[in-house]
1. For region B:262-285, enumerate the residues that are surrounded by 14 or more Cβ atoms within 10 Å (Cβ to Cβ), over 23 Å from B:Arg224 (Cβ atoms) and touching a Lys or Arg at 6+ places or on another chain (Cβ under 9 Å).
2. Scan region B:67-85 residue by residue and report those that are surrounded by fewer than 19 Cβ atoms within 10 Å (Cβ to Cβ), part of a loop (DSSP other than H, G, I, E, B) and out of contact with any Cys (no Cβ under 8 Å at 6 or more places or on another chain).
3. Run down A:Leu246, A:Leu239, A:Leu258, A:Leu251 and say which single residue is under 27 Å from A:Leu84 (Cβ atoms) and away from chain B (no Cβ under 14 Å).
4. Sort through A:Leu90, A:Leu131 and tell me the only one that's within 14 Å of chain B (Cβ to nearest Cβ), crowded, with 20+ Cβ neighbours inside 10 Å and of a type in the set (A, V, I, L, M).
5. Within the group A:Ile82, A:Ile110, A:Ile4, which residue is modelled with pLDDT of 80 or more, crowded, with 21+ Cβ neighbours inside 10 Å, closer than 30 Å to A:Arg200 by Cα and not polar (S, T, N, Q)?
6. Evaluate the following for B:Lys172: is it without any contact (Cβ under 8 Å) to a residue 12 or more places away in the chain and either more than 10 Å from chain A (Cβ to nearest Cβ) or assigned to a loop (DSSP other than H, G, I, E, B) (or both)?
7. Take the residues of region B:113-167 that are β-branched (Val, Ile, Thr) and assigned to a helix (DSSP H, G or I): which is surrounded by the most Cβ atoms within 10 Å (Cβ to Cβ)?
8. Can you pull out every residue in region A:7-27 that is surrounded by fewer than 18 Cβ atoms within 10 Å (Cβ to Cβ) and of a type in the set (S, T, N, Q)?
Amino acid sequence: MNKIWLIVRKEWREVSRDKMILWTSLLLPLLFVGMTIGTVYFMQRTAASNPAAAMDDASEMNIDQLMLLPEFAGMDPFTIMIVLLVNQFLLYYLLLPLMIPMFVAVYSIIGEKQQRTLEPLLATPISVIELLTGKMLAGVIPATVLTWASYGVTILLAYFLTTPEILRVMLSPVWLLSIFLLAPLLSVTAVTVGVIISSRVNDVRLAEQLGGTLVLPLVAITIPIMMGKLLMSGEMIALASLAVALLDVALLYVGVQLFQRETILTRWK
Amino acid sequence: MIVTKGLTRQFSPRRGSEIVAVDHLNLEIQRGEIFGLLGPNGAGKTTTVRMLSCLIAPSSGEAHVGGQAVGQDDRQIRRIVGLLTESPGLYEKLDAYTNLAFYANLYEVQDVERQVKRYLDMLGLWGRHREPVVGFSKGMKQKLAIARALIHEPQVLYLDEPTAALDPEAAKTVRDFVEELKVEGRTILLCTHNLDEAERLCDRIAVLKTRLIAVDTPSNLRRRIFGRRAQVRLRQVTPEMVDAVRALPSVHGVEQADSQLYISLDDPDAATPLIVRRLVELGGEIQQVTEQTHSLEETYLSLIKEAQ
């Protein structure tokens, strides 16, 4: 059996026995799907029952200028407000590939350190690249699959519960590039940062807290998006993906340097 | 089977400072031999095992395991070597079977299921093979770790403190199992602080304290340090008896303590009858004649003291 796949399967077996990580990984996507569709659905229902009040709320957000932009051509202020909100939710979907692999990577490596399993593992004929790849894939695969599955469920629910305009936004290049390109790249960032942090820290919670700072830029960016000050475009997501890919290469280089047999046994704390 | 020449390892814990963990170690361990590595904490035993397992690289010198060069044929060496680390290092949330099957697959064992069952059976763990390891006793964990080290049928086995922290019964089980492995003809390098264990199991012993202090069989080491002495208890010892014994060939010296004589000599088997005959001729009433032995612990402590 392929050694990388052996490591992946072993990691999943171990993680599946940790109810905390398992439930967090499953509940987060459900929460984000529920928040996205629920918020849009109930806002639309409220607006349908009282259109004047909805328009007033939207007008308070100074959306008039946005109405002049081609992205929002033909949309009323309320729909523009919903679109801004939906795009903000997109960032939540990008939290999944940042958080889930971080949990898995941190748990996996600190778990190995705490159980002192690294030395016998490193004494086998596995290469450190196979070991590192296995550990990374164990985090990247579920994070990517859960992100894509959450997106799929969101699209399905949006088709039945929201308007064609909202569905169109969710199927725009911004969403598609984010989900299918940026999300896997972010999961690689998260897992690599998890590996780097885990090499210096022996406490899972501390490592998770340190790794948690990775989501701060993403959370910070939601504010200007919600206020209509920053409009996401396909080009912007493509550029962001390129930047993250370059960051991943740099982080992977550091990760590979740290993940050498000798370094692990003599320098890791 | 294992040969080291000038094997040295230095560490640099801080910039500018260097610690020599192993200094010019020369060893030659034969196929099928159980070789003990004794030394105080920090003597370089674990570092030696790590170098021979291709886990860390030597700073200088060379080592060969099963004819393969450390630093060049590392992957090949890892295939023929089994390692039992100081702590069992098991995946505690996984069951015993999964732990072993994972390693069997990593070592590309052909019939994983059969091999895992064989070792779990042999070590009396098959009845609990589907239980998470976290619920196992220390002895059971150690047995499982030994099974893991053997799962790929290695020619060479490194055992680092195999009975440390085990209760006497579990320690005996592990020692008995190591003796069985000796019968199978595996080469075993045993790092231990337990001198009784080393004496019982090892064909030869190396005393290490960064440098190699001594290497030989336990009995030869004893002889080298303390020589051989006969102890004779008489009803009464006279000065003539002491002088007469001292004058015998192959006797190096005689000490008297009350009614006992301690006689240093080369070959007790040949000299003792002569001593007995002479003492009887002088009217000595002999109550007991024994060869005085020193424990391996005394020998070890003496060697370590000499090295200081």
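The values are calculated or read from the model by the stated rules, or taken from the named source; none is laboratory data. Note that the structure is a prediction, hence the values are computed from the model and not measured. Counting neighbours? That spans all protein chains shown, and the Cβs are built from the backbone with ideal geometry, glycine included.
1. Across region B:262-285, the qualifying residue is only B:Gly284.
2. B:Gly67, B:Gln72, B:Asp73, listed by residue number.
3. A:Leu239
4. On the way: A:Leu90 fails: within 14 Å of chain B (Cβ to nearest Cβ).
After ruling out the rest, the residue left standing is A:Leu131.
5. Testing whether each residue is modelled with pLDDT of 80 or more, crowded, with 21+ Cβ neighbours inside 10 Å, closer than 30 Å to A:Arg200 by Cα and not polar (S, T, N, Q) leaves just A:Ile110.
6. So B:Lys172 fits the description; yes.
7. B:Val116
8. If the condition is that a residue be surrounded by fewer than 18 Cβ atoms within 10 Å (Cβ to Cβ) and of a type in the set (S, T, N, Q), then A:Ser16, A:Thr24 are the ones that fit.
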